[in-house]
1. All but one of (1) within 21 Å of the chain's Cα centre (by Cα); (2) open to solvent by less than 10 Å² (accessible area, probe 1.4 Å); (3) within 24 Å of ALA186 (Cβ to Cβ) hold for GLY57; state the number of the condition that does not hold.
2. For the stretch 1-33, name all the residues that are buried (at least 19 other Cβ atoms within 10 Å of the Cβ), among the small types (Gly, Ala, Ser) and assigned to a helix (DSSP H, G or I).
3. Do the conditions hold for ALA148, that is, is it without any contact (Cβ under 8 Å) to a residue 40 or more places away in the chain and part of a helix (DSSP H, G or I)?
4. Quick one: in the stretch 111-135, which of the residues that are touching a residue at least 40 places away in the same chain (Cβ under 8 Å), farther than 17 Å from ALA41 by Cβ and open to solvent by 10 Å² or more (accessible area, probe 1.4 Å) is nearest to the chain's Cα centre (by Cα)?
5. Out of SER166, SER194, I need the residue that is open to solvent by less than 10 Å² (accessible area, probe 1.4 Å), of a type in the set (Ser, Thr, Tyr) and in a helix (DSSP H, G or I). Which one?
6. What about GLY227, is it over 20 Å from GLY279 (Cα atoms) and open to solvent by less than 70 Å² (accessible area, probe 1.4 Å)?
7. Residues in the stretch 42-50: is at least one at pLDDT 80 or above and in contact with a His (Cβ under 7 Å, 6 or more places away or on another chain)?
8. So is GLY203 crowded, with 16+ Cβ neighbours inside 10 Å, closer than 30 Å to HIS284 by Cα and small (Gly, Ala, Ser) or not?
Amino acid sequence: MSNEKTAIRTTYFSIFGNIGLALIKGLAGYFGNSYALIADAIESTTDIFSSFLVLLGFKYAEKPPDENHPYGHGKIEPLVTFIVVAFLVTSATIIAYESIQHIQTPHKVPEPWTLIVLGGIILWKEISFQVVIRKSKQTQSSSLRADAWHHRSDAITSVMAFLGISIALLFGEGYETADDWAALLASVFILYNSYLIFRPALGEIMDEHQYDELILEIRKKSSQVDGVLGTEKCFIRKSGMRYHVDLHAIVDGRISVEKGHWIAHNLKDYLRKEIPNLGHVLIHIEPNEYTYK
């Protein structure tokens, strides 16, 4: 299965999981007198919309290159990641605001059974995080990584809610707002994770140099091609789940232009065969200064 298909299937997993959890959290929070659970439900609701955006981004990125987009449509992915981050920041802001409002308003202690609900939610969200983050590494998808951290943020919010409700139940009167404080603390974690997701996506848009391991692999593979004496410059930019490469290959300076052209084509074909997630590979031939002299 291609990286694109894997990413799409993983996003469907996130969408259906979040729909179910949003309903469970919302109902449990309302009937269990827990704003922390209601805050959790708000985040899961925003997760549904953000996962839909990720899905639409993958569908668009799947489109083949055309006259206006010769490198394909993969740059849509970090742009979608920015929108996902905006959803995270928005949900964190709403949770923080509502938490402060509830801290100032007297209310009942949450029901004890809400802890059982939260325990199940924490377990499911951590499993979801592990599944999606593994797929994001497999596909090299920044928006799938953002979606994975939505699951982790949700798990963190649920852990905070669990601790807050436990404190409220354990200490009783006077500690009714413990789960509200927990929700407020969770919003800080969500904001921090938002930055961790945003920064790599920005680097992807700006074509930052951040692919040292892939460059080493390209240089190693290049040395295995007949006629290639070494490599010089190697620039990489990411678009979606593909890496576009500009590589300077060193060859014997006394060979003909035709043979140099043949070596460049062989090198390009070999690299794309050995490293499947490469997109465009541009080879520039450099004469070996010693043989050239």
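1. Exception for GLY57: condition (3).
2. Those that are buried (at least 19 other Cβ atoms within 10 Å of the Cβ), among the small types (Gly, Ala, Ser) and assigned to a helix (DSSP H, G or I): ALA7, SER14, GLY17, ALA22, ALA28, GLY29.
3. yes
4. Checked the stretch 111-135; the qualifying residue nearest to the chain's Cα centre (by Cα) is LYS135.
5. Exactly one of SER166, SER194 is open to solvent by less than 10 Å² (accessible area, probe 1.4 Å), of a type in the set (Ser, Thr, Tyr) and in a helix (DSSP H, G or I), namely SER194.
6. Yes, satisfied.
7. No, that holds for no residue.
8. Criteria not met by GLY203.
The values are calculated or read from the model by the stated rules, or taken from the named source; none is laboratory data. All figures in this text were calculated on a predicted structure; none of them were measured in a lab. Note that each Cβ is placed from the backbone with ideal geometry, even for glycine, and that neighbours are counted across all protein chains shown. Note: areas computed on protein heavy atoms with side chains; ligands, DNA, RNA excluded. Shrake-Rupley method; radii C 1.70, N 1.55, O 1.52, S 1.80 Å.
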